[in-house]
Amino acid sequence: MKTFLISAVIGVAVWGGATTPSAKATPFESDAALSPQTKIDEAVFASLKKLNIEPASICSDAVFVRRVFLDLIGTLPTAKEAKEFLEDKDPKKRSALIDRLMERDEFADYWAMKWGDLLRIRAEFPINLWPNAAQAYHRWVRDSLRENMPYDKFVREMLTSNGSNFRVGQVNFYRAVQSKDQETIAKAVALTFMGTRAENWPKEQLAGMAQFFSKIAFKQTGEWKEEIIFFDPAKTATLATNNLEQATTAPAEPAEKKKKGEGSKPAKLAATFPDGTPAKIAEGRDPRVVFADWLISPKNPWFGRNIVNRVWSWFLERGIIHEPDDIRPDNKPVNPELLAYLEKELVAGKYDLKHLFRLILNSQTYQLSSVPKSKSPEAEANFARYPLRRLEAEVLIDALNQITGTTEKYSSPVPEPFTFIPEDQRSISLPDSSITSSFLEMFGRPSRDTGLELERSSKPTTDQRLHMLNSSHIQRKIENSPKLQALFSAASGAVSKPPKPAKFRKGVKVAPPVSTGPTSEQKKAEVINQLYLTILSRFPTEQELKTVAEYMQAGSKREAAVDLAWALVNSAEFLYRH
Amino acid sequence: MSIKFTQDKVADVIADMHGGRISRREMLRRGLAGTAGLLMADCWSVRAFGAPALPKGKTAKAKSVIQIWMWGGPSHMDTFDLKPDSGQDYAGPLKPIPTNVDGVQICELLPQLAKQADKYTIIRSMTHGNSGHETAAYMVQTARKPGDGQVYPSVGAVVSLFKGYSAGYKGLIPPYIVMTQLQGRFSEAGFLGSRAKPFATGGDPSQSKFVVEGVVAQGISEERQKNRREFLHKLNTLDMAMPGNDRLAAAAQCEKQAYDLILGDAGKVFDLSQEKDELRDRYGKTKFGQACLVARRLVERGVPYVTINFEGWDTHKGNFQAMQRKLPELDKGFATLLQDLADRGLLDSTIVWWGGEFGRTPKIAWEAPWNGGRHHYGKVFTHVVAGGGFKGGHVIGSSSEKGEEVKERPVYPVDLISSMYELLGIDGAAKLPHPQGLDVTALPSTPAAGTTGGKLTEIM
């Protein structure tokens, strides 16, 4: 750390004007010309033009590096990563970075978290998957994302697999519901993969779809809480079980009586696809398979529209149809051409979601600054700028931990056996929303009760502000930060430890430290630079340097440096994606 | 206040619940904002929602609730429902003692509470039949059955919604406080979302300084607080780049409220050095005891709902050692709270509600590895209520000879909760804000047969 700091001081003194385009007043915008680069831009800019809305400028490199790290891998760039990107002269560096990030492990972690919300990966009430099953489900989702399983296959796997909830992770889709009756399952399928709220459908439509899920059976095994999910042709009715957990040691509650069909002959299925077509299901054939094949057909408009619209909303906050999981005939897309283009690309790209990600992230639309140029109330809904969004709970605490070099302790005390999470594990890779954490709850982690996108809240609250500004939790992280200590000491002008005497170094004769080292002013500037790069992924502006220098004039220098780190993590620029 | 304005405000509430991702206009269009009610802008929680008007000529007796939540499920057989004649395998070593109410006996480890029995009523016939922590905690604190596709908010979230800012509460201290940690495996807020959660104090009130997370800092002078606030504002380059941004304005509003609390006097409610040592000793210098004292100070200042989350009652192993250790702590805190509230004239307007998610198996597991443990038991258990219009000195219902079944007068969670709501002036048919605009009420409209024993009219 020390060596790095000193070499950095001697090596570079770049900040402010050197990296910020001089003509711009903010470090958030760039001078790059705004002209449609992709089909996405053509569609978006055409609609903006029609509405007479001026789009924002293209964002600066500093904004881009931070944004794309957060959006793609839920991770803040380190000071080094940010600096390298800022100093990279390659004109194609933005798209190169997008490609690189999609190959990182955190990519799978972060998107498994997102999918975990929608797929309701929760061990406890009201979903009650049980810890082992929640972990198996999460592992399957993460592995699928890691190997970039095509989206149609990803969905088909979940809808058609059989096996143990502990071993075949994807079967837990059918267990991750508040009750396992066929209509509840049908609603979950419609919401997750069709982006539509089946509870608002006509009754017959839902009942017809529910038939496809009427032959799913759940069987206990000898292992505690293990369940086999399988196709049972003889099954006659799905009980609306309450999904209740029962304690190991509790006396047996009266078991729900099995409702056997009156006659033993299973009635013929009257399954109907949601578009009204009756399904022909051969005897002995698993109706889930028939449904899945209908669902993932490229001709099925629901399937592609749902996912491209969701993906769009994940990067730009609003769906082209909004809300993204409330698609219905009277909820019109704000930009039909854009939606149609993305749907076409999904099929052409063989359901490769990374292809879709690439298309969106390389567009100028995505790379617009969040600083608006238009006051039109329609601007946001038409994607005239990048939306300001607070960091998700997990991403925020991970970023704070990365900056300060600290960790969080997570465990789950109920039920036994307790779940312990290794301390160095990232919060974005927590498998289960039942893991207790008041911080994550406070900052809007979804409970995963329903799979609705809106469960995750990004609204600011007073308790969040109190916590960030004034809690011992955050205060300790900063003040005792193993990573920031050197910077704090350097700011206070404390003599940094001299390099090891030459005699201890292997074979190499090193000159004694030069007495004309960096001046205390240079040192201070470097501390400020490092803090800005570490926390905001950019160099400070001239104005900011001046403000900080003034603040450091009075009182304890160390305290002032701590206060700087505190102020930066409390700034909107840190707390929000922008 | 015009109806239009009110509707706009309700739309705000619901838009909030959607993480702010739905415009108010959209909400109104979708008819999600049809409920009228008075609202006050607030960053604390789900904003105040229309408080239902009380029937004419009626005023609510209770203003606040202190909930002593016995997380884990305390043994009814070793606290308030002893069965000395049920034999060694059931009764265990603890003996009953008389109380200041004729004929009512409680555990010998609760001598202070025995002197306060005229202030509270013991409900010995609580039941819901579930023996899983999470589901039972949900049932006891929401009056709902699980598995109907909705996750309802807890009593605390509902009371602070109806008795908080909409009912004229103006304090800077949030209307729903939990000491010191959230329940963890129980959502508290349900579909109201994370913003309806209680404010968790963190810290430990029995320490020389009760460091309430975010409100009371250690080692930062007021001057430095002020200086760095100013410093932060000067460095807020993104705010300066987009003046008037509505999201940043909302965040700034929250920040202002936060600083009012950090720099103002409201946080002094947590400063127990303002209390006499003698009183602090009577409460017991334990985390639970001092939390009881803080709870009294909070309701004194009008906070409508305070939960004391008292952990450690899941006594599968060594139940009796745990009772020896924990009951004296419970006894001092709970008993002194009742006496102190009464002395200050607060007991009439404050409901004190004691209980956990279930009881524990009447039959003792003497064998290894339990070594005298008791397991989960949802068939029958005990809760205690006092104050706020509940009469003291009574016992409601009873359990069977060995404490295994309800013998008389079953009391389901909905019975207890609807009784509290009546005393608080909360209409069980009042609408709750719902993120998808569903028509949901504070209490189930008509409890199914076999799930209600009726309100606690005996003591109201």
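The values are calculated or read from the model by the stated rules, or taken from the named source; none is laboratory data. All of these numbers come straight from a predicted model, not from anything done at the bench. With ideal geometry, Cβ positions are generated from the backbone for all residues, glycine too; neighbour counts draw on all protein chains shown. These accessible areas exclude ligands, DNA and RNA; they are computed on the full protein's heavy atoms, side chains included. Shrake-Rupley method; radii C 1.70, N 1.55, O 1.52, S 1.80 Å.
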Original post:
Over all pairs of distinct alpha carbons, what does the Kirkwood formula give as the hydrodynamic radius of segment A:306-432, in Å?
Top reply: 17.5 Å
**OP:** Take the Cα radius of gyration of segment A:334-389 and divide it by 2.2 N^0.38 Å, with N its residue count; two decimals is plenty.
**Re:** 1.29
Original post:
Which net charge results when you count Lys and Arg as +1 and Asp and Glu as -1 among the other residues whose beta-carbon is under 12 Å from that of residue B:266?
Top reply: +1
Original post:
Considering only the other residues whose Cβ falls under 11 Å of the Cβ of residue B:373, what net charge follows from Lys and Arg at +1 and Asp and Glu at -1?
Top reply: +2
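What value, in deg cm²/dmol to 500, does the helix sum -39500 (n - 2.57) over DSSP H runs of n ≥ 4 give at 222 nm once divided by the residues of chain B?
Details: 13 runs with 142 residues, N = 460.
For chain B, the value works out to -9500 deg cm²/dmol.
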Original post:
Cα extents of segment B:323-460 along the three principal axes, largest first, in whole Å?
Top reply: 52, 41, 32
**OP:** Evaluate the distance, in nm, between pseudo-label points positioned 7 Å from the Cα of residue A:268 and of residue A:236 along their respective Cα→Cβ axes.
**Re:** 1.9 nm
Original post:
Sorted by mean Cβ packing within 10 Å, highest first, what order do the peptides A:161-168, A:433-440 take?
Top reply: A:433-440, A:161-168
Subject >> Rg over Rh [alpha-carbon atoms, Kirkwood Rh] for segment B:89-233 >> reply: 1.09
**OP:** Once you have all Cα-Cα distances for segment B:220-316, histogram them in 5 Å bins from zero and send the whole-percent values.
**Re:** 3, 9, 14, 15, 13, 12, 11, 10, 7, 4, 2, 0
Subject >> Pair-distance profile P(r), taking every C-alpha pair of chain B, with 20 angstrom steps and integer % >> reply: 24, 55, 20, 2
Subject >> Principal-axis tilt of helix B:246-263 within chain B, Cα atoms, nearest 10 degrees >> reply: 60 degrees
Original post:
How much accessible area per residue does segment B:217-267 have, in Å², with a 1.4 Å probe?
Top reply: 48 Å²
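Please work out the ratio of the alpha-carbon Rg of segment B:217-267 to 2.2 N^0.38 Å and round it to two decimals.
Details: Rg = 12.5 Å, N = 51, 2.2 N^0.38 = 9.8 Å.
Expressed relative to 2.2 N^0.38 Å, the Cα Rg reads 1.28.
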**OP:** Return the residues of segment B:176-199 for which accessible area with all protein chains present is lower than in the chain on its own by 50 Å² or more; set the probe to 1.4 Å and exclude ligands, DNA and RNA.
**Re:** B:185, B:194, B:195
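Quick one: what do you get for segment A:353-500 if you divide its Cα Rg by 2.2 N^0.38 Å?
On the way: Rg = 20.1 Å, N = 148, 2.2 N^0.38 = 14.7 Å.
It is 1.36.
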Subject >> Filter on B:170/B:256; B:61/B:163; B:209/B:256; A:50/A:375; A:50/A:354 - keep pairs with C-alpha separation over 23 Å >> reply: B:209/B:256; A:50/A:354
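When the accessible area of the protein assembly as shown is split by element with a 1.4 Å probe, what percent falls to carbon and sulfur?
Numbers: 21380 of 40280 Å².
Reported share for carbon and sulfur atoms: 53 percent.
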**OP:** Treating the angle as unsigned and between 0 and 90°, give the value, to the nearest 10°, between the Cα long axis of helix B:413-424 and the longest Cα principal axis of chain B.
**Re:** 60 degrees
Original post:
How much length is gained on full extension from residue A:411 to residue A:520, taking 0.36 nm per residue of separation minus their Cα-Cα distance?
Top reply: 34.7 nm
Original post:
With every protein chain present, what is the per residue accessible area of chain A (1.4 Å probe, Å²)?
Top reply: 41 Å²
**OP:** Obtain the nm distance between the two label points defined at residue B:344 and residue B:278 by a simple spin-label model: each point lies 7 Å from its Cα along the Cα-to-C-beta direction.
**Re:** 1.7 nm
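For chain A, what does the helix formula give at 222 nm: sum of -39500 (n - 2.57) over DSSP H segments with n ≥ 4, over the residue count, nearest 500 deg cm²/dmol? Write down the numbers at each step before the final one.
On the way: 23 runs with 249 residues, N = 578.
That calculation yields -13000 deg cm²/dmol at 222 nm.
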Subject >> Interface area, A with B, accessible, probe 1.4 Å, both sides summed, Å² nearest 100 >> reply: 6800 Å²
**OP:** Would you list the P(r) distribution for segment B:268-325, with all Cα-Cα distances sorted into 5 Å bins from 0 and each bin expressed as a whole %?
**Re:** 4, 16, 22, 20, 15, 10, 9, 4, 0
Subject >> For segment B:350-401: span of alpha carbons on each principal axis (Å, largest first) >> reply: 46, 23, 16
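Would you mind estimating how fast chain A diffuses translationally, via Stokes-Einstein at 10 °C and 1.306 mPa s with the Kirkwood radius over Cα pairs, in µm²/s? Write down the numbers at each step before the final one.
Details: Rh = 26.5 Å.
Here the translational diffusion coefficient equals 60 µm²/s.
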**OP:** Identify the trypsin sites (Lys or Arg not before Pro) of segment A:81-160 meeting these criteria: DSSP loop state and at most 15 other C-beta atoms within 10 Å of the C-beta.
**Re:** A:89, A:92, A:104
Subject >> Convex hull per residue volume in Å³, alpha carbons only, for segment A:24-164 >> reply: 188 Å³
Subject >> Largest-first principal axis extents, alpha carbons of the protein assembly as shown, Å >> reply: 87, 79, 73
**OP:** Return, ordered by residue number, the residues of segment B:366-402 whose backbone nitrogen is under 13 Å from a label point located 7 Å along Cα→Cβ of residue B:317.
**Re:** B:368-374
Original post:
Pairs A:557/B:197; A:280/A:332; A:524/B:234; A:92/A:459; A:39/A:89: which are spaced more than 28 Å apart, C-alpha to C-alpha?
Top reply: A:557/B:197; A:280/A:332; A:92/A:459
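Report the calculated FRET efficiency for residue A:297 and residue A:90 (r = Cβ-Cβ distance, R0 = 45 Å), to the nearest 0.05. Working shown, then result.
On the way: r = 42 Å, r/R0 = 0.93.
Efficiency, from the Cβ-Cβ distance: 0.60.
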